[in-house]
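**Q** Please read through the structure below; I'll follow up with questions.
Each value in this text was obtained by applying a stated rule to the coordinates, not by laboratory testing. Predicted, not measured: the structure shown is a model, and the values here were computed from it. Neighbour counts are summed over all protein chains in view; Cβ atoms, including those assigned to glycine, are modelled from backbone coordinates with ideal geometry.
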Amino acid sequence: MDKRSFLKQVALGAVVLAAGLTACGKKEAPPAPAPAAAQAPAPKPEPLKAGFIYVGPVGDAGYSYAHDLGRKYAAEKLGDKVVTTFVEKVAEGPDAERVIRDLVAQGNKVIFATSFGFMDSMVKVAKDFPDVYFEHATGYKTAENLRVYEARFHEGAYLAGIVAGKMTKTNTLGFVASFPIPEVLRNINAFTLGAQSVNPKVKTKVVWVGAWFDPPKETEAAQSLMNGGADVLLQNTDSTAVLQAAERAGKYAFGWDSDMSAFAPKAHLGSAALTWGVYYEKALNDVLNKTWKTGETKWGVKEGMTDLVKIPDFVPAEVKAKVDEARAGLKAGTLAVFTAPVVDNTGKVQLAKGAVADDKWLGAVNFYVKGVEGKVPAGK
Amino acid sequence: MNEIALLVAATLSAGTPLALAGLGLLLNERAGVLNLGAEGTMLVSAVAGFAVAFHTGSEWAAFAAGGLAGALVAAFFGWLVVWLNTNQYATGLAVSLFGSGFSAFVGLDYVGKQLPEHAVPGVPLLRDLPFLGVALFRQHPMVYLVIAVAGAISWFFYRTRAGLVLRAIGEAPVPAHALGYPVRNIRLGAVVAGGVLCGVSGAYLSVVYTPLWVAGLVAGRGWIALALTVFATWRPARLLLGAYLFGGVTMLQLHLQASGVQVPPQFMSMLPYASTVVVLVLISRNPLWIRLNMPASLGKPFFPGG
């Protein structure tokens, strides 16, 4: 085979690969999603139909799993007033639009799209169906019938930090991070601030793996942090690999997104879990009671959306009391994760005294707080 | 000092699965068969290996199961491309996509399960050496075995008659057929042997390297192994070095970050692929290198008597 025909073959291979991926993406989103909850025998008022789309498989034990728990929670609370349906593993991009239209065509009056990348598809479809309510997680575009909701992940990270600050023996925490975006940087900072609130000597080392999901790489990153002296780890990635690596090394770590206590009985210090269900119940009630209004919702510990759950028995009562105290403070509004003055690790004041960390400020976090080692990649 | 030793140790252990799979693919390609299904083969073997390790507690039984699963997937692929002469590119991609779906499906029950702990014995006496002990001699036996496998394949290719026949079939199957060699059987044998190595690599990933199972665990290492065969210009020793280079660059960026050295991680993640492109350009500039090393009938179907 000469070089030219080899290249031709490779090009052919690339075309086939692309075709294969498209075909498989289509297969993964079945055109007729099976109703997940039992169909109630139609009561007098027609039940409200709600459709959910997830970016991952519900079996990922992480992000999409947490959303599906939320769907089940709301379905149970509202009983036969609602019928819920879901479609999993929907690729972000054009395919999502088709799935959303499909759900609308099946008579769903509320659509929940649970990943950032569904944003433009939601905007498009919402325009065409003014009598359907659209709910989009973690996005920022709204319309008359499209609103957005988000969890304050960083409050869970802050509570985890309190436990970490008390449990560390080396005063070094490790954070396995995915991509340097404000959401992740907020979590790194909140984790560090939580730890510093109980142990001022704490510092945090960060390793970026450049992926949301790459278990071998997450494991190696965890290992390199532990080699560097970190003995309590938190991750902003989607698999359980970091937790399991800590378990094997006899160190501590946390669960993320959902309760991961079963994955590492010795290492697990708690899970920063998301309870989307409280919002789903409220949103569906809004439609049922005809009080639905567009807007932005950001819920945290106060509303019961984020929390540190399943703190194990071997964590001393004194530490749990500290967590309870902070949780109560967050609930009452007397405590904020980012309280002025916030100083970054170069000494620059990022939030001046007297200023409040509002949503705009939180959405633009691009620095490490004092106590985090290193520099944010790409100088952002 | 100790950090450098740990980095060397991590590099060896990260390069091992790449080298195993890459050597397996080398066997295929030297016989003229391009197997783009490596990723899927490794995933199926990874879940098979994990399941066996979970139920029996034995790592070596897990490697055997991984090898067997790899052989089965490869035999199916080989039957399609060697006997039915289906297009090797399309078939390989189909096997890859099939493997990722199939492994996710059969592995559902094993997500989050724990394997029993295995102490890594390392090399007696040498493991207690300062620096070198940590860097080189506290590894899983498979890390040393892969070097032996590379040596064995090199010896087989260049020092045995059977290896010469295999390479001849990869270069020019028609004359080999005319001389009376069973081209199809030999190709099928090479594909299955390659599948065994890919399979052991998959099992190493799920049982030793990252002892857990989740869908998509292999995370692209099958494709890197494919790139490695070209990177190594189809030579076993160079492939081994390439595997350590790829593993080393990945580990280096993680360890640099953990030790506080400021290198943009995005740059380091890009480096192995960028170096592949550079090597490809360099070897393609020199037609002799490609012509001398690339199996001339790679990816082409063979019709006996056709």
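**Q** Determine, yes or no, whether A:Arg98 is in a helix (DSSP H, G or I), of a type in the set (Lys, Arg) and either at positive phi or under 14 Å from the mean Cα position of the chain (by Cα) (or both).
**A** Taking the combined requirement at face value, the residue does not satisfy it.
**Q** While we're here: Working carefully through the options A:Val207, A:Val202, A:Val163, A:Val132, find the one that is within 28 Å of B:Ser13 (Cβ to Cβ) and in contact with a strand residue (DSSP E or B) (Cβ under 9 Å, 6 or more places away or on another chain).
**A** Going through A:Val207, A:Val202, A:Val163, A:Val132 in turn, the sole match is A:Val207.
**Q** Against the definition (within 28 Å of A:Gly363 (Cβ to Cβ), touching a Gly at 6+ places or on another chain (Cβ under 9 Å) and of a type in the set (D, E, K, R)), how does A:Asp231 come out, yes or no?
**A** no
**Q** Any chance you could count how many residues in region A:293-327 are of a type in the set (Asp, Glu), in contact with a Leu (Cβ under 9 Å, 6 or more places away or on another chain) and farther than 13 Å from A:Leu274 by Cβ?
**A** 1
**Q** Please specify each residue of region A:203-237 satisfying the condition of being more than 16 Å from A:Asp257 (Cβ to Cβ) and in a helix (DSSP H, G or I).
**A** Result: A:Pro216, A:Lys217, A:Thr219, A:Glu220, A:Ala221, A:Ala222, A:Gln223, A:Ser224, A:Leu225, A:Met226, A:Asn227.
**Q** Would you check if there is a residue in region B:70-84 being within 14 Å of chain A (Cβ to nearest Cβ), more than 16 Å from the chain's Cα centre (by Cα) and closer than 27 Å to B:Asn185 by Cβ?
**A** Looking through region B:70-84, at least one residue is within 14 Å of chain A (Cβ to nearest Cβ), more than 16 Å from the chain's Cα centre (by Cα) and closer than 27 Å to B:Asn185 by Cβ.
**Q** Scan region A:73-91 and give yes if some residue there is farther than 17 Å from A:Ala283 by Cα, touching a helix residue (DSSP H, G or I) at 6+ places or on another chain (Cβ under 7 Å) and assigned to a helix (DSSP H, G or I), otherwise no.
**A** No - not one qualifying residue is present in region A:73-91.
**Q** Can you name every residue in region A:160-201 that is among the hydrophobic types (A, V, I, L, M, F, W, C) and assigned to a helix (DSSP H, G or I)?
**A** Of everything in region A:160-201, those that are among the hydrophobic types (A, V, I, L, M, F, W, C) and assigned to a helix (DSSP H, G or I) turn out to be A:Ala160, A:Ile162, A:Val163, A:Ala164, A:Met167, A:Val184, A:Leu185, A:Ile188, A:Ala190, A:Phe191, A:Leu193, A:Ala195.
**Q** Which one of A:Ser271, A:Ser197 is touching a helix residue (DSSP H, G or I) at 6+ places or on another chain (Cβ under 9 Å), hydroxyl-bearing (Ser, Thr, Tyr), more than 11 Å from chain B (Cβ to nearest Cβ) and surrounded by fewer than 23 Cβ atoms within 10 Å (Cβ to Cβ)?
**A** Only one candidate passes the filter, namely A:Ser197.
**Q** Do we find a residue being within 29 Å of A:Ile188 (Cα to Cα), of a type in the set (S, T, N, Q) and without any contact (Cβ under 8 Å) to a residue 60 or more places away in the chain anywhere in region A:127-143?
**A** For region A:127-143, residues within 29 Å of A:Ile188 (Cα to Cα), of a type in the set (S, T, N, Q) and without any contact (Cβ under 8 Å) to a residue 60 or more places away in the chain: present.
**Q** So, restricting to helices (runs of 4 or more DSSP H) that lie completely within region B:177-269, which ones have at least 1 residues that are under 13 Å from the mean Cα position of the chain (by Cα) and facing chain A (nearest Cβ under 9 Å)?
**A** Here the list reads B:221-231.
**Q** Moving to a separate point now. A:Val356 is checked against (1) over 25 Å from the mean Cα position of the chain (by Cα); (2) more than 27 Å from A:Leu225 (Cα to Cα) and fails just one. What number does that condition carry?
**A** Going through the list (1) over 25 Å from the mean Cα position of the chain (by Cα); (2) more than 27 Å from A:Leu225 (Cα to Cα), A:Val356 breaks only (1).
**Q** While we're on this one: Residue pairs, Cβ under 6 Å, 6 or more apart or interchain, first in region A:245-260 and among the charged types (D, E, K, R), second part of a strand (DSSP E or B). List them.
**A** The qualifying pairs are A:Asp257/A:Leu274; A:Asp259/A:Ser271; A:Asp259/A:Ala273; A:Asp259/A:Val309.
**Q** Report whether or not A:Tyr149 is outside any strand (DSSP E or B), hydroxyl-bearing (Ser, Thr, Tyr) and surrounded by 20 or more Cβ atoms within 10 Å (Cβ to Cβ).
**A** Against the criterion (outside any strand (DSSP E or B), hydroxyl-bearing (Ser, Thr, Tyr) and surrounded by 20 or more Cβ atoms within 10 Å (Cβ to Cβ)), A:Tyr149 does not qualify.
**Q** Follow-up question, since we're still on this one. Kindly state which helices (runs of 4 or more DSSP H) lie completely within region B:20-116 and contain at least 3 residues that are of a type in the set (Ser, Thr, Tyr).
**A** The helices (runs of 4 or more DSSP H) meeting that bar are B:38-56, B:88-106.
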